[in-house]
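Peer 1: Encoded as structure tokens, here's the structure I'll be asking about.
The values are calculated or read from the model by the stated rules, or taken from the named source; none is laboratory data. These numbers were taken from a predicted model, which means no experiment stands behind them. Please note: Cβ atoms are built from the backbone with ideal geometry, for glycine as well, and neighbour counts cover all protein chains shown. Accessible surface areas use protein heavy atoms only, side chains included; no ligands, DNA or RNA. Shrake-Rupley method; radii C 1.70, N 1.55, O 1.52, S 1.80 Å.
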Amino acid sequence: MSELPVRAPHPTVETQRFWDGTAEDRIELARCTSCSFIPWPPRAVCPDCQSTDWTWETLSGNGTVYSFSVTRAGVSRTWKEHLPIVIAYVQLDEGPTMMTNIVDCEPDTVRIGLAVEAVFDDTGEGTSLVRFRPRETS
């Protein structure tokens with residue numbers, strides 16, 4: 001678990017299964033059975049083909065940093081003691097891109113293309129927030 005603040009999410013009908021998965025340290029997302037697209041966040045209608053048929057699957061939790069920013073000032077008091085904070089878009093190996101934090105490393109070591117893996121920060125309310133840390137690559 002990182003030292004960043006956590007706040008419990010407010011699941012919707014579409015996102016409940018995702019948040020249930022995070023409570024068990026896994027990323028579950030729905031894949032469209034018509035076109036195979038995996039949207040983030042989960043939704044009722046596929047944004048690619050407008051299908052409403054889904055199959056849920058557990059993803060690897062591996063991805064790469066697509067884009068990032070290091071925040072060094074201008075945050076609320078809750079976050080101020082944790083500066084600098086890396087906010088990033090991570091593209092999962094299966095396709096979806098998630099906005100998240102990069103943790104467990106020095107902010108100046110983060111770069112586009114960095115291989116990362118999911119880590120889960122327990123909210124204390126039956127869910128976890130998905131964050132990512134650098135992954136060992138061989």
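Peer 1: Do you know which residues across the range 2-30 are modelled with pLDDT under 95 and of a type in the set (K, R)?
Peer 2: R7, the sole residue that qualifies.
Peer 1: Going by the conditions given, is P41 in a loop (DSSP other than H, G, I, E, B), in contact with a helix residue (DSSP H, G or I) (Cβ under 9 Å, 6 or more places away or on another chain), farther than 27 Å from D108 by Cα and not charged (D, E, K, R)?
Peer 2: yes
Peer 1: Scan the range 44-57 residue by residue and report those that are surrounded by fewer than 17 Cβ atoms within 10 Å (Cβ to Cβ), in a loop (DSSP other than H, G, I, E, B) and touching a residue at least 12 places away in the same chain (Cβ under 8 Å). Give the derivation first.
Peer 2: Let us first name the residues in the range 44-57 that are surrounded by fewer than 17 Cβ atoms within 10 Å (Cβ to Cβ), namely 44-45, 47-53, 55-57.
Now drop any that are not in a loop (DSSP other than H, G, I, E, B), which leaves 44-45, 47-53.
Answer for the range 44-57, where residues must be surrounded by fewer than 17 Cβ atoms within 10 Å (Cβ to Cβ), in a loop (DSSP other than H, G, I, E, B) and touching a residue at least 12 places away in the same chain (Cβ under 8 Å): A44, D48, C49, S51, D53.
Peer 1: Test E94 against the stated conditions and say whether it is open to solvent by 50 Å² or more (accessible area, probe 1.4 Å), part of a strand (DSSP E or B) and acidic (D, E).
Peer 2: no
Peer 1: Condition (residue is in contact with a helix residue (DSSP H, G or I) (Cβ under 9 Å, 6 or more places away or on another chain), within 18 Å of S2 (Cα to Cα) and free of Cβ contacts under 8 Å to residues at least 24 places away in the same chain) applied to the range 84-101: is it met by at least one residue?
Peer 2: yes
Peer 1: Now, a different point. Out of everything in the range 2-38 that is part of a loop (DSSP other than H, G, I, E, B) and basic (K, R), what residue ends up being surrounded by the fewest Cβ atoms within 10 Å (Cβ to Cβ)?
Peer 2: Across the range 2-38, the extreme among qualifying residues is R7.
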